[in-house]
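Here's the structure, in C-alpha cells; my notes come after.
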Amino acid sequence: MKMDWLIVGAGFTGCVLAERIATQLNQKVLLVDQRNHIGGNSYDTYDEKGILIHQYGPHIFHTNAQHVWDYLSQFTTWRYYHHRVLAVVDGKQVPVPFNFNSLYALFPTKYADKLAKKLIAKYGMDVKVPILNIRESEKNGDLKFLADFIYEKVFHHYTQKQWGLKPDELGASVTARVPIYLSHDDRYFQDPYQGMPQHGYTALINRLLAHPNIKILLNTQYQEIADVIKYKKMVYTGPIDEFFDYMHGDLPYRSLHFNFVHTEQEHHQSVATVNYPNDFDFTRITEFKHLTGQKAYGSTYAVEYPRVYLKGENTPYYPIPREEHKALSHQYKLESEKMKDKVIFAGRLGDYQYYNMDQAVARALHLFEKEVVKT
Ligand code: FAD
Ligand code: UDP
C-alpha cells in the first residue's frame, strides 16, 4: 500500500489533520488506531440500554476560538448546552467553580455579604481568581479564612484523589482551570462558543473522515504496520515517550477507571456533573442525558475513579503538569525535533500537554498550515 501520510491516532488531532490533508492537498492518508473505533478519548457510543455515553469520560465542547468553532461546524450542528457542575460541600450541593451563589449557600447571609463585599473591594466584580493566587495573597482576616475554606473543601482532597498530589505540588494552571468566580454565573465555562455536537462526537468525527483519500485501520498499533506501508511522512499522536522507546525514561501520566451505572429513573441527579471533593474515592459522577439531551427511558451515569497509570495495563489519560516533569518532556521534544522531516508530533500525548478538545483542534489546524502544507 502506498500512502502520502501515515497518521497514528484517530482522536481529534489525527482526524483533523487527516481531513485537511485529504481535502486541501488531495493527498492519501492511512489513519491507524490501536482501539476498535475512531474518536480517541472523545468517542461516544450507545450502551446496551440505548443511552448515548462517553466511553472515556464526559466531554463538553467549549472554546474562545471562533476559527475552531467555525471549522467544526462544517461537520456538525450543535445542541445548545452550557455545562453546570455542583460539588458536595458540608452536605450541600453548591456550584463549582466556587462563586457568590456557592458562598451564600454555605454561609449565613450576613457573613456571606461581608465576605462578598471584601472580595469585590479587593479583586473586583466578574473576575476569576485562581485559588492558589487568593491563598498566596491573603495572610489574615476574613478572606484568608475563606481562601483556606475553599482550598480545603473544594480543591485539596479532590486534587489529592485526582492526581495523588496536593494543588501546590502541580502546575498552577491545573487548579486555575476552575478559578473562583466573583459572579453569580453558575456555568462551568464562559467561552463564547459552547455546546455538544448534535449527534455526538463519533458522528462528527465520522463526517470529518468521510473522504476517499482517507483509509482507516483500527485494532492496529502503528508499530505492526509502519514497516510494511510505504508513506512519505508520519503524524504521531500517541505517547511521545513510547515512540522513542522510553530512551530518556517514562513520562508520568494519570489514569482513570469509569464505572457506568444504569438506572431506571428518568434522572439520577439534577445537573450533568456532581463533584465529590471530600467523600468517597471517586471524584465525580456525570449523567449523560443532561449533556446529550437524549429522551429515553432510564439513564446512565459514569463514576470516575482516578488511578495510578501502569504502562501496558491501563490508559494514559492525563499528562501530569508538574515542574519536575518539564525537563523530561523537553528531552523528548528535542528528540522529536531531530525527526521533524519525517514525523510530526501532536496531540495530548504527542505534545505531552493537558489540551482540551478545542486546543487539540487548534493545534492540528496550525500544524497543517505551518508544517504540512510546506511538505
Ligand atoms: P486522543 O483522543 O487521546 O487520541 C489519541 C489516539 O491515539 C487514541 O485513540 C489512541 O488509541 C491512539 N494511539 C496511541 N498510541 C497508538 C499506537 N501506538 N498505535 C495506534 N494508535 C495509537 N476536552 C474538552 O475540551 N472538554 C472536556 O470536557 C474534556 N473532558 C475530558 C475528560 C477526560 C476524562 C479526559 C481524559 C479528557 C477530556 N478532554 C476534554 C480532553 C480531550 O479528550 C482531548 O483534548 C482530546 O481527546 C485530544 O485528542 P488527541 O487526538 O490529541 O488524543
Ligand atoms: N478541581 C478540584 N475540585 C473540583 C474541581 C476541580 O480540586 O471540584 C481541580 C482538580 O485538581 C482538577 C482540576 O481542578 O484536576 C481541573 O478540573 P477540571 O474539571 O478542568 O478537570 P478535567 O475535566 O480536565 O478532569
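Based only on Cα atoms, what mean projected area does the convex hull of the range 294-333 have, in nm²? If you can, show how the numbers build up before the last one.
Details: hull surface 22.1 nm².
About 5.5 nm², averaged over all directions.
How high is the FRET efficiency from Lys110 to Thr220, r the C-beta distance, R0 56 Å, rounded to 0.05? Could you put the intermediate results ahead of the total?
Working: r = 64 Å, r/R0 = 1.15.
FRET efficiency, Lys110 to Thr220: 0.30.
If you average the sequence gap of Cα pairs under 8 Å that are 6 or more apart and divide by the length of the chain, what percent do you get for the contact order? Don't jump to the answer; show the numbers that get you there.
Numbers: 699 pairs, mean separation 100.9, N = 375.
That works out to 27 percent.
Given the Cα-Cα distance of Tyr80 and Asp185 and 0.36 nm per residue of separation, how much length would full extension add, in nm?
Details: separation 105, 0.36 × 105 = 37.80 nm, distance 1.69 nm.
The span from Tyr80 to Asp185 would gain 36.1 nm if fully extended.
Can you give the FRET efficiency to the nearest 0.05 for Lys118 and His267, using r as the Cβ-Cβ distance and R₀ = 25 Å? Present the calculation step by step, with values, prior to reporting the outcome.
Working: r = 38 Å, r/R0 = 1.51.
Result of the calculation: an efficiency of 0.10.
Carbon and sulfur together cover what percent of the accessible area of the chain at a 1.4 Å probe radius?
50
Give the Cα extents of the range 157-216 along the principal axes, in whole Å, largest first.
Principal-axis extents of the range 157-216 (Cα, largest first): 49, 31, 16 Å.
So what is the 222 nm mean residue ellipticity for the chain from helices alone, if each DSSP H run of at least 4 adds -39500 (n - 2.57) and you divide by all residues, rounding to the nearest 500 deg cm²/dmol? Walk me through the numbers on the way to the answer.
Numbers: 15 runs with 121 residues, N = 375.
Estimated from H runs of four or more residues: -8500 deg cm²/dmol.
Run the numbers for Lys333 and His211: contour at 0.36 nm per residue of separation, minus the present Cα-Cα distance, in nm.
Working: separation 122, 0.36 × 122 = 43.92 nm, distance 3.21 nm.
Roughly 40.7 nm would be gained on extension.
Straight-line reach from Lys118: which aspartates and glutamates have a Cα under 13 Å away, not including same-chain ones fewer than 8 places off?
In chain and number order, the partners are Glu138, Asp142.
Less than 14 Å from a label point 7 Å out along the Cα-to-Cβ axis of Phe145: which backbone N atoms in the range 156-198 qualify, by residue?
Label zone hits: none.
Loop only per DSSP, at most 10 neighbouring Cβ atoms within 10 Å: give me the GluC sites (Glu not before Pro) in the range 293-375, ordered by residue number. List each step's numbers first, then the result.
Values: sites: Glu304, Glu313, Glu323, Glu324, Glu335, Glu337, Glu369, Glu371; in loops: Glu313.
Taking the range 293-375 and a limit of 10 other Cβ atoms within 10 Å, the loop GluC sites (Glu not before Pro) found are Glu313.
Over 21 Å between C-alpha atoms is what I'm after, so list which of Lys230/Lys342; Lys49/Lys161; Lys28/Lys230; Lys128/Lys153 land there.
On the way: Lys230/Lys342 13 Å; Lys49/Lys161 30 Å; Lys28/Lys230 11 Å; Lys128/Lys153 18 Å.
Exceeds cut-off: Lys49/Lys161.
Using only the Cα atoms of the range 1-125, what are the Rg and Dmax in Å?
Both quantities, over Cα of the range 1-125: 22.4, 73 Å.
On average over all directions, what projected area in square nanometres does the range 102-146 have, based on the convex hull of its Cα atoms?
Numbers: hull surface 12.5 nm².
If I average the Cα hull's projected area over directions, I get 3.1 nm².
What percent does the relative contact order of the range 1-145 come to when contacts are Cα pairs within less than 8 Å and at least six residues apart?
Details: 114 pairs, mean separation 16.2, N = 145.
After rounding, I find 11 percent.
Pairing the Cα long axis of helix 323-338 with the longest principal axis of the chain, what angle in degrees results, from 0 to 90 and rounded to the nearest 10?
Helix 323-338 sits at roughly 20 degrees to that axis.
Mind checking which aspartates and glutamates have their Cα closer than 15 Å to the Cα of Lys333? Skip sequence neighbours fewer than 8 apart in that chain.
Those aspartates and glutamates meeting the cut-off are Asp241, Glu242, Asp245, Asp250, Asp341, Asp351.
If you count only protein heavy atoms and use a 1.4 Å probe, how large is the accessible surface of Met247, to the nearest 10 Å²?
110
Which of Phe288, Phe98, Phe149 ends up with the largest GNM mean-square fluctuation for the chain, with Cα atoms connected below 10 Å?
Evaluated over the chain, the most mobile residue of the options is Phe149.
Taking a probe of 1.4 angstrom, what is the accessible area of His67 in Å², to the nearest 10?
Estimated to the nearest 10 Å², His67 gives 110 Å².
What fraction of the Cα pairs in the chain, stated in percent, has a spacing above 27 angstrom? Please report the intermediate quantities before stating the final value.
Working: 36956 of 70125 pairs.
Value for the chain: 53 percent of Cα pairs lie more than 27 Å apart.
Just to be sure I understand: with springs between alpha-carbon atoms less than 10 Å apart, which residue in Phe345, Phe155, Phe244 has the highest mean-square fluctuation in the Gaussian network model of the chain?
Taking springs between Cα atoms under 10 Å, the residue moving most is Phe244.
Put +1 on the Cβ of every Lys and Arg and -1 on every Asp and Glu Cβ in the chain; which of Tyr80, Leu106, Ala302 then has its Cα farthest towards the positive end of the dipole?
Looking along the dipole axis, the top candidate is Tyr80.
For Phe280 paired with Ile229, estimate the spin-label separation in nm (one decimal), with each label point 7 Å from Cα along the Cα-to-Cβ line.
Result: 4.1 nm between the two label points.
Using a 7 Å offset from Cα along Cα-Cβ at Phe244, what residues in the range 345-370 end up with backbone N under 15 Å from the label point?
Counting backbone N atoms under 15 Å from the label point, the list is 345-346, 349-353.
Report, in debye and to the nearest 20, how large the dipole of the range 125-262 comes out about its Cα centre when Lys and Arg carry +1 and Asp and Glu carry -1 on their Cβ. Display every interim value, and only then the final one.
Values: 15 positive and 17 negative charges, 99 e Å.
It comes to approximately 480 debye.
Treating only the Cβ of Lys, Arg, Asp and Glu as charged (+1, +1, -1, -1), what charge dipole size does the chain show about its Cα centre? Round to the nearest 20 debye.
Numbers: 43 positive and 42 negative charges, 140 e Å.
Around 680 debye, computed over the chain.
Compute the FRET efficiency between Asp70 and Lys374 as 1/(1 + (r/R0)^6), taking r as their Cβ-Cβ distance and R0 = 30 Å, and round to the nearest 0.05.
Details: r = 24 Å, r/R0 = 0.79.
Given R0 = 30 Å and the Cβ-Cβ separation, E is 0.80.
Most fluctuating residue of Thr202, Thr263, Thr13 in a GNM of the chain with Cα springs under 10 Å: which is it?
Residue with maximal mean-square fluctuation among Thr202, Thr263, Thr13: Thr263.
Where both partners of a DSSP beta bridge lie in the chain, what percent of those bridges are antiparallel, to the nearest 5? Walk me through the numbers before you get to the answer.
Values: 35 of 55 bridges.
That works out to approximately 65 percent antiparallel.
With only Lys, Arg, Asp and Glu charged, each at its Cβ (+1 for the first two, -1 for the last two), find how big the charge dipole of the range 229-318 is about the Cα centre; round to the nearest 20 debye.
Values: 9 positive and 11 negative charges, 112 e Å.
Magnitude of the dipole: close to 540 debye.
For the range 42-187, report the translational diffusion coefficient in µm²/s to the nearest whole number, using Stokes-Einstein at 4 °C, 1.567 mPa s, and a Kirkwood Rh over Cα pairs.
Working: Rh = 17.5 Å.
My calculation gives 74 µm²/s for D.
The values are calculated or read from the model by the stated rules, or taken from the named source; none is laboratory data. Since the structure is predicted, the reported quantities are computational estimates derived from the model, not experimental observations. Because the Cβ atoms are built from the backbone with ideal geometry, glycine has one as well, and the counts that use them run over all protein chains shown. SASA here: full protein model, heavy atoms, side chains in, ligands and nucleic acids out. Shrake-Rupley method; radii C 1.70, N 1.55, O 1.52, S 1.80 Å.
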